[in-house]
Amino acid sequence: MTTYHTYDAVIVGAGGAGLRAALAASSRVKTCVISKLYPTRSHTGAAQGGMCAALGNVEEDYPEWHAFDTIKGGDYLVDQPAAILMCREAIDAVIELEHWGFPFNRTPDGKIDQRRFGGHTRNHGEAPVRRACYAADRTGHMILQTLYQQCIRNDVRFFNEFYVLDLILTDDRRCGGVIAYELATGEIHVFRSKSVLFATGGFGKIFKVTSNAHTLTGDGPAICYRRGLPLEDMEFFQFHPTGIYKMGILISEAVRGEGGILINSEGERFMERYAPTIKDLAPRDMVSRAIYQEIKEGRGIDGKDYVYLDVRHLDPEVIEKKIPDVTEFARIYLGVEPLREPVPIQPTAHYGMGGIPTNVDAQVVVGPEETPVPGLYSVGECACVSVHGANRLGTNSLLDIVVFGRRGGEHMAEYAQQADGPELPEHPERAAVEELRGLLQGPGTEFAADVRDELQEQMSDLCGIIRNEEGLSKLQGILGELHERYERVGVQDHGRGFNTELMEAVELGFLLDVSDTVVAAARTRDESRGGHYREDHPLREDDRWLVHSLSYRDEDGSVRMEYKDVVLGPYIPMERKY
Amino acid sequence: MWEEGPPREPGARPRAEAPAPGQIALSMRIRRYRPDIDREAWWQEATVNMEPSDRLLDALHQVKWYLDGSLALRRSCAHGVCGSDAMVINGRNALACKVLVRDVAPKVTIEPIRGLRVLKDLVVDMEPFFAGYRRILPFLINDEEPPERERRQSPAERERYDDTTKCILCAACTTSCPIFWGDDEYIGPAAIVNAHRFIFDSRDEGAAERLDVLADRTGVFRCRTVFNCTEACPRGIKVTKAIQEVKRAIMFDRL
């Protein structure tokens, strides 16, 4: 049975980006949010350290300094006008959240307090600056709660535990809506809509050790890619330096912002050698590579693949008030008392800089000319504006989702107000139903979990912090085999209600397709920049590679690459030193 | 896409290996109920080999991914911040991702949280829970025109409601409450916690409206200070204390 709905604006995903867009769109046009989770389960809630805006509440600061740091931190692959716009609008975005009740930590005179964060500096790199607005180490939790609270106040319509499986494009390549699967009943729903905004979050589950939730499987990007739309800059993936050893659970950069340091087996604060000016607060890609290098040179703790994060020298009250949650993570998951012992950490796959290409109004754009797909939008980690370039600075993801969430929600509402209802193709749900039928009735000689284990293992080994031609070409072969095995995956559960096994198998399909683009783009880019490090091509090469990659799916399933220029601005690319 | 008639009984995959050195063989008893095929709830027994430092959620995944795909549970972040995987673990409410194997080995019993209808296995109907949350007007109420910059709030004023901002709406507190089990009209601890978060926020002016909701017969005075909620809270919120503060506000302050 198929149920039909008609909306002006459909938002897919209920994290910060989706909720902020919903608040903007729902006051103007008939809007709904489709989420595969209850909204408050979204992974925005796991963000810890802060959201940067040059409020200047505790020391001198300007949006222009913030923009410079963002562009330099992104290794000059950032589209500069977009970053400048984001850093300007950051201030209003923070104030708006405060007016909606966000419980920011405060200065003694009652203003929003601010703290240091990686890569954020005073006057173009002089020293770390206090720019991150925060609520202890649960800033993302408070953003998610605050936005959800406002959605309740505004009576936003939610379809919770609905999985979006496909995007409907009309014959003239406009957005027509989405196909969704209702987890509770196993029913298919056709959402006919003038506009759709993908805010599905990240795809960190392509890797084995990751800070990402189990549900971060790249649904939005994979769906767009299958419908012939490009994905931008997929080779750039951020490994956060401080994940809990073996588990990948995030320990916020705020720990280093508050004075925590990294030490190797010799007790040396090794970041002094790699980034003499800002040391432990260098951008994440540099710190993660430094940890990799220390381990490779035998200075991992006990000769193993981890180093220590040390906060023993900090005031216990600072730890208790400003980083209580991550301290508790160390106690629970490692049995380590950070007040007395250093915490074992290793880099963890954290954030995809790439995604569905958009402009600053969150419109999905195709090709080097950036032609918008009418009615189609994307915001947040699943999108690529690009404000993060080759490496995102800490806190800028929370900023990205609220700034571009608002812009996208407003633009889609304006579009829907003037656009005609889309003419849908006949049986738009057919492809999605076929996909599910294949998984339910297929040979079932492979288990999704086995294929996923192999994918995550190989992606981590061959497409992680350090990459090379040999590994990437081998990995492309492995991905081919994994796609073949995926064809033979079947599910044991044939029940209709809460068939989470079926949805996990669908998500594995998304992960495989996203991995194809990550590996193809990483293999083609024979230079090193930001989060993409090729040991066989260790230098950044602006002459050849100051371009964004676009990955398209060809008919035969292979990835076709295309490139478009980076939009430069006032900042001339220079060597990135800290 | 779906077959006619009742779905097939899922086939299990044998995976009986001895635990590797350092691993623990964990015997799990899991409460199962699949409305499509089960006439009543039953216990599934499974043994999985785990690292002592693994989460109980990892053990449930071992069952789901490698033994019996039909096991249904909710989970997402896997480190205690999203609130998806509250369950009854050895008789007490907890998040499966915040309990380690070493804390429960060699045997563990896992059931769905109580007081909400079981939809399948460990998945319960959360709608009544969220309906209670919505009743207390969980958003900042202040009709004054806001200033151009932030509203001022002193660190002490901010501290006043800090504890209750931590709530992740996992329902561990509400579904540990014997009053809630016996009376599903009781609004429950989680809704009161979220009311507290706004009632004691110096920027909020909606206290009277919320206290009206909570003073009613489904509100705070049903609480008998059993403290189950405080013990169950995976975020360490002093839930019973928050409820007492709301009771006092109704009786004495009316803020």
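Values computed for the structure shown
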{"item": "Residues satisfying the stated conditions in segment A:316-350, i.e. open to solvent by 10 Å² or more (accessible area, probe 1.4 Å), away from chain B (no Cβ under 13 Å) and of a type outside the set (Val, Ile, Thr)", "result": "A:PRO316, A:GLU337, A:LEU339, A:ARG340, A:GLU341, A:PRO342, A:GLN346, A:PRO347, A:HIS350"}
{"item": "B:GLU9 vs. criteria at pLDDT below 95, outside any strand (DSSP E or B), of a type in the set (Asp, Glu) and open to solvent by 40 Å² or more (accessible area, probe 1.4 Å)", "result": "yes"}
{"item": "Members of segment B:94-124 that are within 10 Å of another protein chain (Cβ to nearest Cβ) and over 17 Å from A:LEU334 (Cα atoms)", "result": "B:LEU119, B:LYS120, B:ASP121, B:LEU122, B:VAL123"}
{"item": "Which listed residue, of A:ALA213, A:ALA184, is among the hydrophobic types (A, V, I, L, M, F, W, C), open to solvent by 10 Å² or more (accessible area, probe 1.4 Å), within 14 Å of chain B (Cβ to nearest Cβ) and closer than 25 Å to A:THR500 by Cβ", "result": "A:ALA184"}
{"item": "Subset of segment A:338-365 (residues that are over 24 Å from A:GLY303 (Cβ atoms) and not hydrophobic (A, V, I, L, M, F, W, C))", "result": "A:HIS350, A:TYR351, A:GLY352, A:GLY354, A:GLY355, A:PRO357, A:THR358, A:ASN359, A:ASP361, A:GLN363"}
{"item": "Top-ranked residue in segment A:120-155 [being part of a strand (DSSP E or B) and open to solvent by 10 Å² or more (accessible area, probe 1.4 Å); ranked as farthest from the other protein chains (Cβ to nearest Cβ)]", "result": "A:ALA127"}
{"item": "Number of positions in segment A:305-317 that are over 29 Å from the mean Cα position of the chain (by Cα) and either outside any helix (DSSP H, G or I) or free of Cβ contacts under 8 Å to residues at least 12 places away in the same chain (or both)", "result": "5"}
{"item": "Some residue of segment A:57-80 being within 14 Å of chain B (Cβ to nearest Cβ), surrounded by fewer than 24 Cβ atoms within 10 Å (Cβ to Cβ) and not in a helix (DSSP H, G or I)", "result": "yes"}
{"item": "Among residues of segment B:39-55, those that are free of Cβ contacts under 8 Å to residues at least 40 places away in the same chain and either open to solvent by 20 Å² or more (accessible area, probe 1.4 Å) or among the β-branched types (Val, Ile, Thr) (or both), counted", "result": "9"}
{"item": "Total residues in segment B:56-78, condition at the interface with chain A (Cβ under 7 Å from one of its Cβ atoms), closer than 18 Å to A:LEU183 by Cβ, in contact (Cβ under 8 Å) with a residue 12 or more places away in the chain and in contact with a Leu (Cβ under 7 Å, 6 or more places away or on another chain)", "result": "2"}
{"item": "Any pair with Cβ under 8 angstrom, 6 or more apart, that starts in segment A:548-574 at a residue that is without any contact (Cβ under 8 Å) to a residue 12 or more places away in the chain and ends at one that is surrounded by 13 or more Cβ atoms within 10 Å (Cβ to Cβ) and of a type in the set (S, T, N, Q)", "result": "A:ARG560/A:SER551"}
{"item": "Residue ranges of helices (runs of 4 or more DSSP H) in segment A:251-297 with at least 2 members crowded, with 20+ Cβ neighbours inside 10 Å and touching a residue at least 40 places away in the same chain (Cβ under 8 Å)", "result": "A:254-257, A:284-296"}
{"item": "Qualifying position, being within 26 Å of B:MET126 (Cα to Cα) and over 24 Å from the mean Cα position of the chain (by Cα), among B:ILE141, B:ILE250", "result": "B:ILE141"}
{"item": "Search result, residues across segment A:165-181 that are surrounded by fewer than 18 Cβ atoms within 10 Å (Cβ to Cβ) and on the phi < 0 side of the Ramachandran plot", "result": "A:THR170, A:ASP171, A:ASP172"}
{"item": "Any pair with Cβ under 7 angstrom, 6 or more apart, that starts in segment B:138-154 at a residue that is at the interface with chain A (Cβ under 7 Å from one of its Cβ atoms) and ends at one that is assigned to a loop (DSSP other than H, G, I, E, B) and small (Gly, Ala, Ser)", "result": "B:PHE139/A:GLY101; B:LEU140/A:GLY101; B:ARG152/A:GLY110; B:GLN153/A:GLY110; B:GLN153/B:SER202; B:SER154/A:GLY110"}
{"item": "Test: residue in segment B:104-111 that is closer than 26 Å to B:TYR186 by Cα and open to solvent by less than 10 Å² (accessible area, probe 1.4 Å)", "result": "yes"}
{"item": "Which listed residue is open to solvent by 10 Å² or more (accessible area, probe 1.4 Å) and either under 30 Å from A:PRO570 (Cβ atoms) or within 14 Å of another protein chain (Cβ to nearest Cβ) (or both), from A:PHE117, A:PHE158, A:PHE162, A:PHE102", "result": "A:PHE158"}
{"item": "Sole exception among (1) in a helix (DSSP H, G or I); (2) among the charged types (D, E, K, R); (3) open to solvent by less than 20 Å² (accessible area, probe 1.4 Å); (4) over 29 Å from A:LEU436 (Cβ atoms) for A:ASP513, by number", "result": "(4)"}
{"item": "Segment B:155-186, subset without any contact (Cβ under 8 Å) to a residue 60 or more places away in the chain and open to solvent by less than 10 Å² (accessible area, probe 1.4 Å), residue nearest to the other protein chains (Cβ to nearest Cβ)", "result": "B:THR165"}
{"item": "Members of segment B:83-93 found to be open to solvent by 10 Å² or more (accessible area, probe 1.4 Å), of a type outside the set (S, T, N, Q) and either part of a loop (DSSP other than H, G, I, E, B) or facing chain A (nearest Cβ under 9 Å) (or both), listed by number", "result": "B:GLY91"}
{"item": "Verdict on B:VAL48 being more than 7 Å from chain A (Cβ to nearest Cβ) and farther than 28 Å from A:LEU334 by Cβ", "result": "no"}
{"item": "Among (1) buried (at least 19 other Cβ atoms within 10 Å of the Cβ); (2) outside any helix (DSSP H, G or I), the one test that B:ILE243 misses", "result": "(2)"}
{"item": "Segment B:133-145, residues that are open to solvent by 10 Å² or more (accessible area, probe 1.4 Å) and touching a helix residue (DSSP H, G or I) at 6+ places or on another chain (Cβ under 9 Å)", "result": "B:ARG134, B:ARG135, B:LEU137, B:PHE139, B:ILE141, B:ASN142"}
{"item": "Qualifying positions in segment A:307-363 - closer than 20 Å to A:GLY248 by Cβ and among the hydroxyl-bearing types (Ser, Thr, Tyr)", "result": "A:TYR308, A:THR327, A:TYR333, A:THR348, A:TYR351"}
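Table: residues versus (1) in a helix (DSSP H, G or I); (2) more than 14 Å from every other protein chain (Cβ to nearest Cβ); (3) of a type in the set (A, V, I, L, M).
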| site | (1), (2), (3) |
| --- | --- |
| A:ARG485 | yes, yes, no |
| A:ASP493 | no, no, no |
| A:ALA505 | yes, no, yes |
| A:GLY509 | yes, yes, no |
| A:THR517 | yes, yes, no |
| A:ALA520 | yes, yes, yes |
| A:GLU527 | no, yes, no |
| A:ASP543 | yes, yes, no |
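The values are calculated or read from the model by the stated rules, or taken from the named source; none is laboratory data. Keep in mind it's a predicted model, so treat the numbers as computed, not measured. All Cβ positions, even for glycine, are placed from backbone atoms using ideal geometry, and neighbour counts span all protein chains on display. Accessible surface is based on the protein model in full, side chains and every heavy atom, while ligands, DNA and RNA are left aside. Shrake-Rupley method; radii C 1.70, N 1.55, O 1.52, S 1.80 Å.
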